[in-house]
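The values are calculated or read from the model by the stated rules, or taken from the named source; none is laboratory data. These numbers come from a predicted model, not from an experiment. Here Cβ is always computed from backbone atoms with ideal geometry, including for glycine, and neighbour counts include all displayed protein chains. For accessibility, only protein heavy atoms count, side chains too; no ligands or nucleic acids. Shrake-Rupley method; radii C 1.70, N 1.55, O 1.52, S 1.80 Å.
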Amino acid sequence: MKLVTKFMVLLTLALMTSTASAQNKQTAKVEKNNAISSNGFRVGIAKPMLRASTKATVNGESYHFSDDLDQTLGLSVGYASLPVQELGWTVNATYIDIQNQGSSAGIARIDGNFAFAFTEIINLKGGLNISKITGSNSNEYDPGIGFQGGFGFQITKNFGIDLNYTEMAQSRTSDLTRIDIKESGFEVGLNATF
């Protein structure tokens with residue numbers, strides 16, 4: 001009888017321990033799934049380091065030009081939803097002011113990204129953008145599709161730093177001429193999420 005009682009006590013303790021362990025694992029899993037790297041409306045400032053490449057085709061002859069853009073600075077507004085260990089997304093509207101060799105222009109860009117937050121601090125994102133040159137001759141250029149990808153580092157849930165590679169494109173076509181412009185390079189961004 002003592003042996004049966006000891007066995008029942010040990011079996012009960014083992015069941016209670018395994019049940020408590022399973023509950024702790026479920027609680028940890030729920031907490032992990034509810035973790036957010038960043039979520040909400042955001043505003044940001046971006047410093048692109050761009051190189052502009054132009055291909056002009058005139059009467060079937062192609063000409064290529066490229067130039068580093070001296071001074072660029074961008075402002076953005078958008079929204080981010082970056083849950084930890086789940087698929088997230090970001091969307092942004094950015095205006096980039098370009099000053100180059102005494103002339104100035106602007107680029108308006110809208111981008112959308114899929115993102116994955118590995119932790120509350122580090123995320124990876126990539127997606128597509130559409131951009132248009134703004135300014136005095138802006139109506140001559142059609143918007144084009146580009147892409148971007150990079151890493152984000154959340155200092156806090158409300159403040160982060162992004163390092164991206166970006167490529168934007170625009171084009172213009174007239175009777176015998178086609179001009180394709182691509183701006184590409186790295187971009188560092190600081191953003192605040194509310």
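Observations on the model:
- Matching residues in the range 76-125 - criterion: being of a type in the set (G, A, S) and under 11 Å from G152 (Cβ atoms): A80, G88, A115, A117
- Residue within the range 158-169 that is in contact with a Gly (Cβ under 6 Å, 6 or more places away or on another chain), loosely packed, with under 13 Cβ neighbours inside 10 Å and over 30 Å from T57 (Cα atoms) present: yes
- Just one of the listed residues (Q148, Q99) is of a type outside the set (S, T, Y), surrounded by fewer than 18 Cβ atoms within 10 Å (Cβ to Cβ) and outside any loop (DSSP other than H, G, I, E, B), namely Q99.
- Qualifying residue in the range 72-79 (condition: open to solvent by 60 Å² or more (accessible area, probe 1.4 Å) and assigned to a loop (DSSP other than H, G, I, E, B)): no
- Any hit, the range 104-118, residues being open to solvent by 70 Å² or more (accessible area, probe 1.4 Å), in contact with a Lys or Arg (Cβ under 8 Å, 6 or more places away or on another chain) and either aromatic (F, W, Y) or within 20 Å of S53 (Cβ to Cβ) (or both): yes
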